[in-house]
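Visitor: Supplied in structure tokens, the structure appears directly below.
The values are calculated or read from the model by the stated rules, or taken from the named source; none is laboratory data. Here the structure is a predicted model, which is why all the values come from computation and not from measurement. Glycine gets a Cβ as well: all are built from the backbone with ideal geometry, and neighbour counts include every protein chain shown. Surface areas here come from the heavy atoms of the whole protein model, side chains and all, with no ligands, DNA or RNA. Shrake-Rupley method; radii C 1.70, N 1.55, O 1.52, S 1.80 Å.
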Amino acid sequence: GTVMFTFAISALLAPTYLPRIGTCRSVLTLGMLGYSICLLLWEFALIPGVATSTGAIDALVLIGAVFCGVGAGMLYVSQSVYMAEISAAYAVAKARDSSKAYAAKDARAMFGSIFASLYIFLELVCKLLASLIPSSLLLYGIYFGGSLFGTLTVFFFLRRTPQEEAGLSSQAKSCNTVECLARRTRRRKRERCPTLCQFFLVSSFFFAVD
């Protein structure tokens, strides 16, 4: 109940706070970080001697559920925005390369089918792990590792959308300092992975612990 309640509040308020956070990558990273913190707290609740009372265990579970719900709201909303913008950009690039019209809805359908396939596959993997691993402590440790890996993958390798690039390009005209130019260079270095490759990689971890 706590997860769904905080998820609903986070998703409803998303149009208010998401534009202030920045790019889709930043929001997706924070959303997945919420999942990771949740799993870490639940992992602590399972470690013998860490939570020595029922009240402490309940507190860890409750706080973790709040982080999960808030993160899920951010993740679901920003992922929809990211997929829509990337699909539109992919359709434009596809049409330019093939010299034929390519509708954005076709790109959305392709990315959506890839995402759904990976989602179902990883859901089956997680359920299979849950049935094969008798230790809840080990199981949640694996889930936490996968969630943390996905969070770091999003932060370091996810490319900004063309709309975000356009906004940054307008800001770059006033970027004349050495520090500003250095930040732009670092961003370019970690965004060399092709967009389609990134989509396959990152979408594999969006709901690995869902």
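Visitor: On the given criteria, is VAL70 among the aliphatic types (A, V, I, L, M) and either farther than 25 Å from THR23 by Cα or modelled with pLDDT of 85 or more (or both)? Quick ask: steps written out before the conclusion?
Guide: Working: among the aliphatic types (A, V, I, L, M): yes; either farther than 25 Å from THR23 by Cα or modelled with pLDDT of 85 or more (or both): yes.
Yes; evaluated as a whole, the condition is true for this residue.
Visitor: When you go through ALA130, ALA93, ALA116, ALA109 one by one, which is the residue that is on the phi < 0 side of the Ramachandran plot, in a helix (DSSP H, G or I) and modelled with pLDDT under 85?
Guide: Values: ALA130 fails: modelled with pLDDT under 85; ALA116 fails: modelled with pLDDT under 85; ALA109 fails: modelled with pLDDT under 85.
Result of the check over ALA130, ALA93, ALA116, ALA109: ALA93.
Visitor: Condition test on GLY64, is it touching a residue at least 60 places away in the same chain (Cβ under 8 Å) and either in a helix (DSSP H, G or I) or loosely packed, with under 14 Cβ neighbours inside 10 Å (or both)? Spell out the reasoning first.
Guide: Working: touching a residue at least 60 places away in the same chain (Cβ under 8 Å): no; either in a helix (DSSP H, G or I) or loosely packed, with under 14 Cβ neighbours inside 10 Å (or both): yes.
Considered against the rule, which asks whether it is touching a residue at least 60 places away in the same chain (Cβ under 8 Å) and either in a helix (DSSP H, G or I) or loosely packed, with under 14 Cβ neighbours inside 10 Å (or both), GLY64 comes out as no.
Visitor: Further question: Considering LEU148, LEU139, which residue is part of a helix (DSSP H, G or I) and either farther than 26 Å from LEU18 by Cβ or open to solvent by less than 40 Å² (accessible area, probe 1.4 Å) (or both)? Quick ask: steps written out before the conclusion?
Guide: Working: LEU148 fails: either farther than 26 Å from LEU18 by Cβ or open to solvent by less than 40 Å² (accessible area, probe 1.4 Å) (or both).
Just a single option satisfies the conditions, and that option is LEU139.
Visitor: Is one or more of the residues making up region 33-46 of a type in the set (Ser, Thr, Tyr) and open to solvent by less than 50 Å² (accessible area, probe 1.4 Å)?
Guide: As a first pass, look at region 33-46 and keep what is of a type in the set (Ser, Thr, Tyr): 35-36.
Restricting the remaining residues to those that are open to solvent by less than 50 Å² (accessible area, probe 1.4 Å) gives 35-36.
Yes, region 33-46 contains at least one residue that is of a type in the set (Ser, Thr, Tyr) and open to solvent by less than 50 Å² (accessible area, probe 1.4 Å).
Visitor: Looking at (1) open to solvent by 60 Å² or more (accessible area, probe 1.4 Å); (2) part of a helix (DSSP H, G or I), which is the only condition ALA56 fails?
Guide: Evaluating ALA56 over (1) open to solvent by 60 Å² or more (accessible area, probe 1.4 Å); (2) part of a helix (DSSP H, G or I) leaves (1) as the failure.
Visitor: Testing ALA101 on (1) modelled with pLDDT of 85 or more; (2) in contact with a helix residue (DSSP H, G or I) (Cβ under 8 Å, 6 or more places away or on another chain), one condition comes back false. Which one is that?
Guide: Among (1) modelled with pLDDT of 85 or more; (2) in contact with a helix residue (DSSP H, G or I) (Cβ under 8 Å, 6 or more places away or on another chain), ALA101 violates only (1).
Visitor: Do we have any residue at all in region 90-108 that's in contact (Cβ under 8 Å) with a residue 24 or more places away in the chain, open to solvent by less than 30 Å² (accessible area, probe 1.4 Å) and not basic (Lys, Arg)?
Guide: For region 90-108, residues in contact (Cβ under 8 Å) with a residue 24 or more places away in the chain, open to solvent by less than 30 Å² (accessible area, probe 1.4 Å) and not basic (Lys, Arg): absent.
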